[in-house]
Amino acid sequence: MKDIVTQLRANSECLAPSIMLEAADTIERLREERDEARRRYCRGFTDFCPNPAHDELTLEEAAMEVAKSFGWACFEGATHEK
């Protein structure tokens, strides 16, 4: 399935360019805001809910494990988004 942002940008020349490009920009901005909120949640969750399995991980690594458990790909290089 193609990403909606890619489709909006590809079809912007044919159909209402300003609306299509604005929608694509908005989706990208909202995704970044969502991912930042998820990263903060995962870091906070790791800080306040210690997990013995995370004892040997850095805070960032433990937060990435929390994100993975939710199926979130909000950290750089993550590919497990549900």
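Worth pointing out:
- The Glu13 and Phe48 beta-carbon pair, evaluated with R₀ = 41 Å, returns a calculated FRET efficiency of approximately 0.25.
- Dmax and Rg, reported as Rg then Dmax, of segment 4-70 (C-alpha, Å): 18.0, 55
- Sorted by Cβ neighbour density within 10 Å, fewest at the top, the residues Val66, Val5: Val5, Val66
- In this calculation the C-beta distance from Arg29 to Leu57 is compared with R0 = 22 Å, giving a FRET efficiency of 0.10.
- Charge tally in the Cβ shell below 11 Å around Met20, where Lys, Arg are +1 and Asp, Glu are -1, Met20 excluded: -2
FYI, it's all coordinate maths here, none of it is from the lab. All values derive from a computational prediction rather than experimental measurement. Positions of Cβ are generated from backbone atoms using ideal geometry, with glycine treated the same way; all protein chains shown enter the neighbour counts.
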